[in-house]
Amino acid sequence: MAENTLESIVSWAKRRGFIMPGSEIYGGLGGIYDLGPYGVALKNNIKSLWWKTFVENRDDVVGMESAILMNHQVWQASGHETGFIDELVECKKCHRRFKADDIGDAKCQRGGDHKLTPPKAFNTMFKVKDTYLRPETAQGMFTDFKQILETSRQKLPFGIAQMGKCFRNEINTKDYLFRVREFEIAEIEYFVKPGEDDKFFEDWLKQWEDFVLSLGIKKENLKLYQHPKEGLSHYSKGTTDLQYNFPFGFKELAGVANRTDFDLKSHQEASGKDLNYFDQETNEKYLPFVIEPTLGVERLMLAVICDAFQQVDSRTETTEAVTEKEIVLHFNSNLAPVKVAVFPLVKKLSEDAKKIYDDLKSCWGAIEFDESGSIGRRYRRQDEIGTPFCVTFDFDSLDDKKVTVRNRDTMKQERIEISELKNYLFEKLNSWMKV
Ligand code: GAP
């Protein structure tokens with residue numbers, strides 16, 4: 001994927017109300033983005049599919065929501081206060097700061113006389129009064145492990161799932177949504193009997209990849225990267241990343257880590273509370289090992305957009321001269337922010353078309369009505385936000401009680417009986433999953 005694709009995506013996302021810089025009227029704030037109406041719809045669709053796949057559709061995973069602010073001692077016991085560190089280098093002349101990993105042996109870009117300091121440890125947690133903003137959701141699932149185990153009456157192996165906002169004071173924010181300071185993580189802590197951890201690690205890696213593929217992401221744009229032992233996080237015995245082919249190269253999209261009993265052991269020692277699991281089958285008491293599949297929701301959303309984004313010279317059924325390139329987002333129907341758009345051919349037909357719109361809206365919610373501009377222009381607007389189907393009510397519809405349904409990807413048009421429209425769309429939208 002070309003680097004300039006990212007520029008086109010950034011400008012499309014702002015223009016079409018998906019993603020924009022946060023607090024932009026005041027000049028913005030580094031590494032902070034806001035989502036507009038279509039952006040939040042796309043993100044919510046990704047999140048609800050994740051929840052459905054890993055919580056609702058399973059018996060061995062339960063959900064939870066822990067608070068963003070946790071007791072300071074959590075971050076001491078978890079090792080984050082001493083171990084959640086990036087290496088920082090600073091230019092001695094212009095005082096710009098870089099993550100040492102990003103810059104390698106390179107110099108400050110501002111010139112040869114701009115020398116860098118030796119790397120120093122920089123904790124990327126945001127300090128607030130008395131504690132930190134959480135940099136991961138995992139810790140709430142460890143501190144509440146025993147209570148959730150008891151109230152949900154689960155037995156090993158079982159998992160706790162959570163998604164929510166996390167904050168990291170990144171030295172450099174980078175590559176649009178890829179490295180930001182405020183973002184959401186969706187992750188599972190899957191508790192297993194020690195000795196069964198390697199098997200479940202492989203299982204989860206496969207399930208994580210399958211989920212990403214189920215969103216329509218192309219397999220050739222994914223690859224696995226196993227972390228070398230010396231590059232592992234302070235809690236991990238082994239980590240494999242699922243990388244996506246972003247316009248700036250293959251980079252981490254998600255990961256699976258074997259956290260062993262590191263976290264439960266640390267919290268047990270620091271809190272003095274017994275976090276052991278009693279295995280009724282073997283009459284043993286032990287601390288479970290934990291397999292942790294994790295992903296960043298914004299990174300996944302960026303990958304979904306990159307994969308669905310297409311720029312073409314001209315494809316629309318229009319008689320108007322098209323000068324600029326056309327943009328089409330080939331989102332899976334379950335991710336598309338708008339499922340169907342309804343158009344009257346001319347404003348005179350609006351009342352009849354509105355009845356169809358109301359009927360579809362009561363069924364799917366995410367339906368748009370558009371009566372302005374030529375039909376070709378209206379198709380283009382919907383293609384740009386990835387709407388799978390457009391329905392046009394024309395003069396013939398008054399007599400034959402049929403409408404024209406146009407497919408975003410094939411641009412094929414079909415005349416469908418109005419009385420059959422809902423069934424037709426239901427079947428198409430449900431089957432249109434590019435797995
Ligand atoms: N609990 C494990 C954990 O937090 P991580 O690899 O540090 O693991 C999880 O983060 C996921 O969060 C990553 O796979 C990545 O997708 C996403 N992520 C991490 N830092 C990010 C950042 N600064 N901006 C956006 N997403 C980020």
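Some notes on this structure:
- Of the residues making up region 192-246, those that are open to solvent by less than 50 Å² (accessible area, probe 1.4 Å), among the hydrophobic types (A, V, I, L, M, F, W, C) and away from the ligand (no atom under 12 Å from the Cβ) are 192, 200, 201, 204, 205, 211, 213, 215, 217, 222.
- Among the candidates 113, 105, 101, residue that is open to solvent by 50 Å² or more (accessible area, probe 1.4 Å), at pLDDT below 95 and within 16 Å of the ligand (Cβ to nearest atom): 101
- Selection count, region 70-103, where residues are over 13 Å from residue 134 (Cα atoms) and within 25 Å of the chain's Cα centre (by Cα): 5
- Residues of region 400-418 that turn out to be touching a residue at least 24 places away in the same chain (Cβ under 8 Å) and not in a strand (DSSP E or B), as a count: 4
- For region 141-171, residues that are more than 10 Å from the ligand (Cβ to nearest atom) and closer than 20 Å to residue 102 by Cα total 1.
- All strands (runs of 3 or more DSSP E) inside region 274-386 with 3 or more residues being open to solvent by less than 40 Å² (accessible area, probe 1.4 Å), in contact (Cβ under 8 Å) with a residue 60 or more places away in the chain and farther than 30 Å from residue 423 by Cα: 289-296
- Test: residue 252 is surrounded by 13 or more Cβ atoms within 10 Å (Cβ to Cβ), of a type in the set (Asp, Glu), closer than 25 Å to residue 166 by Cα and free of Cβ contacts under 8 Å to residues at least 60 places away in the same chain: yes
- Residues that are more than 26 Å from residue 302 (Cα to Cα) and either hydrophobic (A, V, I, L, M, F, W, C) or surrounded by fewer than 14 Cβ atoms within 10 Å (Cβ to Cβ) (or both) within region 178-191 comprise just one, 191.
- Of the listed requirements (1) within 12 Å of the ligand (Cβ to nearest atom); (2) assigned to a loop (DSSP other than H, G, I, E, B), residue 256 misses just one: (2).
- Restricting attention to region 101-155, the residues that are in contact (Cβ under 8 Å) with a residue 60 or more places away in the chain and more than 21 Å from residue 269 (Cβ to Cβ) total 6.
- In the set (1) modelled with pLDDT of 95 or more; (2) of a type in the set (A, V, I, L, M, F, W, C); (3) away from the ligand (no atom under 16 Å from the Cβ), residue 321 fails one condition alone, (1).
The values are calculated or read from the model by the stated rules, or taken from the named source; none is laboratory data. All of these numbers come straight from a predicted model, not from anything done at the bench. Heads up, the Cβs are rebuilt from the backbone with ideal geometry, glycines too, and the neighbour counts pull from every protein chain shown. Quick note on the areas: whole protein, heavy atoms, side chains included, nothing else; ligands and nucleic acids left out. Shrake-Rupley method; radii C 1.70, N 1.55, O 1.52, S 1.80 Å.
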